[in-house]
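The structure under discussion appears below in the form of structure tokens.
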Amino acid sequence: MKNLLKFAALGAVLVMGTTSCEQDSNNTIDQVFDGVTSGAVLRTIAIPSNELPLGSTDAVFSVEIEEQDNQGGALLESVDAYLTFADGSADEGDSSAATTEEVFIRNIPASEFSPGPFGLPRTTYTLTLTEMLAAVGLEPDAIFGGDTFTTRFALNLTDGRTFSVNNAGGIITGGFFASPFQYVTPVVCPVGEEEFLGPYQITNGVPGVLDFNVFEEGGIVELYFPEGGTSVDRAFDYVYLPDAGVGQDPVDFAMQFICNTVVIPPGQNSGLQCSSGLTIGPSPDGALGEYTTGDDSVFIIRFTDNSDSDCGEAPRAVFATLTKQ
């Protein structure tokens with residue numbers, strides 16, 4: 001009863017985290033052009049390959065990018081590519097949980113870009129796993145599932161300015177322009193195209209924020225490949241805190257199946273907020289979910305509910321079991 005009363009008190013400020021498309025579009029344009037005289041972005045067109053399966057001799061990272069500026073691409077001078085390695089599997093390989101210093105890979109001059117469908121310069125950048133390992137000074141047996149390579153681009157303009165992830169706002173890197181300037185490529189164990197798809201029943205392990213179950217107890221969700229995901233990415237749609245009776249729309253829950261662990265990406269929107277938003281992310285103590293390679297009958301997810309401490313509530317460590325139907 002105490003938690004129910006507490007939730008009811010928060011109801012006055014708990015709202016659904018959605019706005020109209022028209023309003024979002026107008027706000028985006030206002031933010032991008034407010035006080036801006038000129039600038040530039042590298043827009044992601046396609047990511048043909050962005051995973052490194054263990055044992056693969058031809059694994060690569062590949063991305064097609066398009067440069068945009070207010071001179072129709074005329075400001076493009078070059079793009080610098082950098083690489084960083086992070087060991088996410090300290091108990092496996094022998095890279096000792098290291099995160100390497102960022103290393104310069106190469107400069108991509110404007111001459112390697114060609115006009116795209118709209119006349120703006122485009123190019124496809126490809127980096128092989130062999131090249132990645134050589135760049136950061138690692139042997140093939142030093143990597144394992146959960147490790148990552150991060151490729152960062154820096155866009156150099158003819159007027160001397162440089163744009164990258166460190167000086168581009170969120171509206172650029174993750175919003176309207178789809179220009180993140182950096183890409184994280186995971187080392188993975190292959191997951192079959194037919195695995196972890198279809199209907200699964202959810203059993204909540206512990207409750208989430210305000211002692212409400214994050215998922216409908218015993219509910220059935222449909223696992224699918226998320227658009228733009230890799231072979232290890234899966235997602236399902238669900239109603240967050242269904243027992244609270246707020247009436248919110250379904251949102252998606254994303255996860256990655258990496259070498260017998262289930263990794264939950266950070267910053268997942270629940271669709272509800274008091275102020276900053278109730279979000280879902282990795283488990284607070286670093287614990288990962290688990291599955292058995294070759295067996296998609298059951299798996300466990302471990303994550304943080306309310307990662308950003310919205311609604312005056314602390315984050316909760318949550319787990320749930322999903323069983324194939």
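The values are calculated or read from the model by the stated rules, or taken from the named source; none is laboratory data. From a predicted model like this one, the values you see are computed outputs, not experimental measurements. Cβ: placed from backbone, ideal geometry, glycine included. Neighbour counts: every protein chain shown.
Things worth noting here:
- Of the residues making up the range 252-261, just one is among the aromatic types (Phe, Trp, Tyr) and touching a residue at least 60 places away in the same chain (Cβ under 8 Å), namely 257.
- Taken over the range 284-305, the criterion of being more than 10 Å from residue 262 (Cβ to Cβ) and either outside the structural domain of residue 267 (by TED's automatic domain parsing) or hydrophobic (A, V, I, L, M, F, W, C) (or both) is satisfied by 287, 298.
- Residue in the range 313-321 that is assigned by TED's automatic domain parsing to the domain that holds residue 213, within 17 Å of the chain's Cα centre (by Cα) and closer than 18 Å to residue 252 by Cβ present: no
- Within the range 297-315, considering residues that are touching a Gly at 6+ places or on another chain (Cβ under 8 Å) and modelled with pLDDT of 95 or more, the one surrounded by the most Cβ atoms within 10 Å (Cβ to Cβ): 303
- Residue check, residue 287 part of a loop (DSSP other than H, G, I, E, B), without any contact (Cβ under 8 Å) to a residue 40 or more places away in the chain and touching a strand residue (DSSP E or B) at 6+ places or on another chain (Cβ under 8 Å): yes
- Being assigned by TED's automatic domain parsing to the domain that holds residue 202, touching a residue at least 12 places away in the same chain (Cβ under 8 Å) and in a helix (DSSP H, G or I) holds for only one residue in 243, 237, 249, and it is 243.
- Screening the range 1-89 for strands (runs of 3 or more DSSP E) wholly inside it with 3 or more residues that are farther than 21 Å from residue 123 by Cα and at pLDDT below 50 returns no ranges.
- Close contacts from the range 187-200, counting a first residue that is within 16 Å of residue 292 (Cβ to Cβ) and a second that is small (Gly, Ala, Ser) and buried (at least 22 other Cβ atoms within 10 Å of the Cβ), with Cβ to Cβ under 8 Å and a gap of 6+ residues or different chains, come to 188/145; 189/145.
- Looking at 112, 217, 193, 139, just one residue is within 30 Å of residue 312 (Cα to Cα) and either surrounded by 18 or more Cβ atoms within 10 Å (Cβ to Cβ) or charged (D, E, K, R) (or both), and that residue is 217.
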